[in-house]
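First comes the structure, then the notes that go with it.
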4 protein chains.
Amino acid sequence: MSEQDKMIDELFNHDEELTEKQKKILAAAIESFAEKGYAATSTSEIAKKAGVAEGTIFRHYKTKKELLLTIVAPMMAKLIAPFVIKDFNKVLNQDYERFEDFVKAMIENRTKFLVSNMQLFRILIQEIPFQPELKEQFKEHIAKKIFERFEKVIAHYQAKGQIIDMPPYSVIRMTASTIFGYVIARYLLVPEAEWDDEAEIERTVQILMHGLSPKK
Amino acid sequence: MSEQDKMIDELFNHDEELTEKQKKILAAAIESFAEKGYAATSTSEIAKKAGVAEGTIFRHYKTKKELLLTIVAPMMAKLIAPFVIKDFNKVLNQDYERFEDFVKAMIENRTKFLVSNMQLFRILIQEIPFQPELKEQFKEHIAKKIFERFEKVIAHYQAKGQIIDMPPYSVIRMTASTIFGYVIARYLLVPEAEWDDEAEIERTVQILMHGLSPKK
Amino acid sequence: MSEQDKMIDELFNHDEELTEKQKKILAAAIESFAEKGYAATSTSEIAKKAGVAEGTIFRHYKTKKELLLTIVAPMMAKLIAPFVIKDFNKVLNQDYERFEDFVKAMIENRTKFLVSNMQLFRILIQEIPFQPELKEQFKEHIAKKIFERFEKVIAHYQAKGQIIDMPPYSVIRMTASTIFGYVIARYLLVPEAEWDDEAEIERTVQILMHGLSPKK
Amino acid sequence: MSEQDKMIDELFNHDEELTEKQKKILAAAIESFAEKGYAATSTSEIAKKAGVAEGTIFRHYKTKKELLLTIVAPMMAKLIAPFVIKDFNKVLNQDYERFEDFVKAMIENRTKFLVSNMQLFRILIQEIPFQPELKEQFKEHIAKKIFERFEKVIAHYQAKGQIIDMPPYSVIRMTASTIFGYVIARYLLVPEAEWDDEAEIERTVQILMHGLSPKK
DNA sequence: TATGAATGAGCTTTCATTCAT
DNA sequence: TATGAATGAAAGCTCATTCAT
């Protein structure tokens, strides 16, 4: 079983079983959508790459757009999964004395997730501007939920005097910009450069944390 | 003369004269490309919106892609214009004693530019992943040049002890993430929220600057 | 057992037994063919309406057209059944002294049959123009046989001086036009109008009979 | 200019000009629709028969259905044209002393029209059952208007004692059945038989008129 | 220069039919 | 016997591009 297959199994194979052909269709669609974009990818191309007849695609997904949404929806869910677990706050209190440790852990964890699902991440950020359904889902399910959780976290550490006194929204936005900025530059814009990943992440976190630390 | 018209005049009307029809075609194409993406926009749609015949588009632009490049190229040039003026360093030395002032001015200036060319900015960041020519241009003409200029600037202020000791690339990337992160969140992701722009920019710069300041 | 079921049993269940699924397929096909026409009805639609898998249809009927013919053939047979019984003439002589009574009885009987098989009648007249096999069957088995029988009847009553002296073909055609004209107007063209069926049939027969009566 | 061309010019070329290709498309569509039915005719087939590219069809008619409606609509208008001229009643009073002459003239005139537009007539009666728009148009514009006009005519001749005393609707329906019954039998069902057209029409009118004459 | 009719390749989707289970 | 996944040809329709006017 290839890496690709494992990823597909993990993301799409919840309860219902996927046939071999379905998996191949998904894999082919992900590859093409990521590379050329949804609009510029033809279903015949996907069929050819997946080694199935074109009709087979439409047996499983009523329309091309349904195929896109099938691909993108679980990615969104997994992206925020760590933040919506029930005992998020508890874990937080027990594990991370310092805000810095928490952010560092989180950045590492989510960066790793994005990197191991880079194609899906590409599709997500490339198609959100064009698909109103996606934009809506993103705002409603992702941005909102993460924001709600984080707001409390920020307040918590602000009370402890570990973070600068500032509206939580600004802190969250800045943190998100930092993560996405790194991942996009590293893996999408300049993947061919030589990166010392560990050091770069270290520096990035350092700047952010220092920026967020209370002024003396 | 509308805002749109002025923008088009400024960006596209260098030496050669544009006919009224050409301007309308450009305006229509920009609007549609920004909204639905290049691949999902048909030339017939552009023609209709511009109020010209389909053939007219191809009189001026050999292919649809040429139309896209015509639109995007000057945007790139203008985006980095302030950094490539000949006496960049001189201006710098004379005007900005502190790194903070320089960055603040720059962020304000470029943010303003992006905002007043938001549609073009959208097209730029949305199409770069799909058009290898654009990606190449971006890297060669934009990223590289800016990097070269900035590198010296960073070194200059590091020597003065105003910036943390760190590879310039990391500093630049972090700064760029910060600017783009703000503009994208503000104007593309959540434009409908109520923003106190001045304060938000102020906070953003503050975090960045604090993060970049040398540790004691 | 519904009306639909009874009709299907009566028309299709001659010697061989129909399974429950087969009946459902027939019922679904009849409904769809009548409503949208043979060509515009898809087998998947029939399968869905019948609650069976698509493959099941093709287990029982080799092709879609075979399904159509299976439906239409017995309808034709039943339509002319009264005219082809062996002792048609005997019955005629014994039962109907006057041509008028004969025609009235016939019109009532056949109208009733058509009305209680309206969907099949629709399919029949709608598909005959497009299916050469049907047209051939219709001419060979229906029109010809009825004509042969009727010719003698007409001659019989003409000899008795009860019908105008005229080629039998014209009389038959006119009679058929009258019946079909009524049924089509009543049930297919303007079914939603308020009809006093008994009176309308009475008037229709009256005009026809008066028209066919010998001139003084 | 062929017969076909003349017919197309007359029916479709009101104010706007039709290009040569458009005429060919109409002619090809009429031929195929009449022969195989709307649903069973493919646009590629029409294109091939018309000698144009398939795209050309859709340049002139947005959808296949629009093509059908373009073909059928003027046929309906022309079919009832004689009945909706402004001075219908005047013409009637001046020209036809007897109901019989009026009906005879009308039958001859409309039969001739139908015969010289037989393909369009076929399409009309074959597609009305499947196209709700057509059925609606037929009822609203054809049936209703003709009925309104005729009602008065019937009353007029009934007052003169030339027609049987009977609801106008029944008289009209019977008359229509007679006309359509003749045309359909003659040209659609049994066109290959040897017909003495003049005599057959004569006999048909005779039966109808005799049937409608007042009883003594 | 500008038009818009015409093209034909290619698009998404539907279809009747097959076949392994 | 019944299923429904799979097929691939063909459907209706859109597209970027050409060209005579």
For B:GLU97, which inter-copy label distances result when the label point lies 7 Å beyond Cα on the Cα-to-Cβ vector, reported in nm to one decimal and in ascending order? 4.2, 12.2, 13.3
Could you compute how much accessible area chains A and B hide from each other, both sides summed, with a 1.4 Å probe? Nearest 100 Å² is fine. 3400
Please list A:ASP197, D:ASP196, B:ASP165 in order of solvent-accessible area, largest first, computed with a 1.4 Å probe with all protein chains present. B:ASP165, D:ASP196, A:ASP197
Looking along the axis that carries chain B onto chain D, the residue of B whose Cβ comes nearest, with distance in whole Å, is B:GLY55, 3
At 0.36 nm per residue, and after removing the present C-alpha to C-alpha distance, how many nm does the segment from C:GLU136 to C:TYR187 gain when stretched out fully? 15.8 nm
List every DSSP H helix in chain A whose Cα atoms extend 18 Å or more along the helix's own long axis and whose mean Kyte-Doolittle hydropathy is at least -1.0. A:20-36, A:64-84, A:99-116, A:144-159, A:168-183, A:197-212
Solvent-accessible area of B:ASP95 with every protein chain in place, 1.4 Å probe, in Å² to the nearest 10: 90
Exposure of C:SER32 as accessible area (Å², to 10), given a probe of 1.4 Å and all protein chains: 0
Note to self: C-alpha centroids of segment C:176-216 and segment B:186-200 sit apart, in Å, by 76
Taking the Cα atoms of segment C:1-151 alone, what are Rg (to one decimal) and Dmax (as a whole number) in Å? 17.3, 56
Heads up, I need the accessible area for B:ILE80: 1.4 angstrom probe, whole protein in place, Å², nearest 10. 10
Shielding score for C:200-211, defined as the mean number of other chain Cβ atoms within 10 Å: 5
222 nm [θ] for chain A, helices only, -39500 (n - 2.57) per DSSP H run of 4+, per residue, to 500? -22500 deg cm²/dmol
If you average the C-alpha positions of segment B:1-54 and of segment C:121-148 separately, how far apart do those two centres end up, in angstrom? 62
As an exercise, identify the trypsin sites (Lys or Arg not before Pro) in segment A:20-113 lying in DSSP coil whose Cβ has no more than 15 other Cβ atoms within 10 Å. A:LYS62, A:LYS86, A:ARG98
Amide N proximity, segment B:134-173 versus A:ASP196 label position 7 Å along Cα-to-Cβ, cut-off under 11 Å: B:167
So for the pair D:ALA105, B:ARG98, with labels modelled 7 Å out along Cα→Cβ, what separation do we get in nm? 10.5
Positive-end extreme of charge dipole, segment A:43-111 - chosen from A:ALA77, A:THR43, A:VAL103 (charges on Cβ): A:THR43
Quick one: net charge of A:LEU68's neighbours, Cβ under 10 Å, K/R +1, D/E -1? -1
Counting only C-alpha contacts under 8 Å and six or more residues apart, can you give the relative contact order of segment B:41-189 as a whole percent? 24
How would B:SER170, D:SER116, A:SER42 rank on accessible area, largest to smallest, probe 1.4 Å? D:SER116, A:SER42, B:SER170
Tell me the distances, shortest first, between A:MET118 and the same position across the other copies, using label points 7 Å along Cα→Cβ, in nm to one decimal. 3.3, 6.7, 7.2
Other residues with Cβ under 13 Å from the Cβ of D:GLU202 give, with Lys and Arg +1 and Asp and Glu -1, a net charge of -4
Could you compute the net charge surrounding D:ALA105? Neighbours are other residues with a C-beta less than 14 Å from the C-beta of D:ALA105; K and R count +1, D and E count -1. -2
Average other protein chain Cβ within 10 Å of Cβ, residues D:168-174: 5
Which of rounded, prolate or oblate describes segment B:81-216 when judged by the alpha-carbon gyration tensor and an a/c cut-off of 1.5? oblate
Test item: C:125-132 mean partner chain Cβ contacts at 10 Å: 4
Listed by chain and number, the lysines with an alpha carbon less than 22 angstrom from that of B:LYS65, same-chain partners under 8 positions apart left out, are A:LYS36, B:LYS21, B:LYS23, B:LYS24, B:LYS36, B:LYS48, B:LYS49, B:LYS78, B:LYS135, B:LYS139
Using alpha carbons only: equivalent-ellipsoid semi-axes of the protein assembly as shown, gyration tensor based, whole Å: 81, 33, 22
Using a 1.4 Å probe on the protein chains only, how many percent of the accessible area of chain B belongs to carbon and sulfur? 54
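The values are calculated or read from the model by the stated rules, or taken from the named source; none is laboratory data. On a predicted model such as this, the values are computed, not experimentally measured, just so you know. All Cβ positions, even for glycine, are placed from backbone atoms using ideal geometry, and neighbour counts span all protein chains on display. Just the protein is used for accessible areas: all its heavy atoms, side chains included, with ligands, DNA and RNA removed. Shrake-Rupley method; radii C 1.70, N 1.55, O 1.52, S 1.80 Å.
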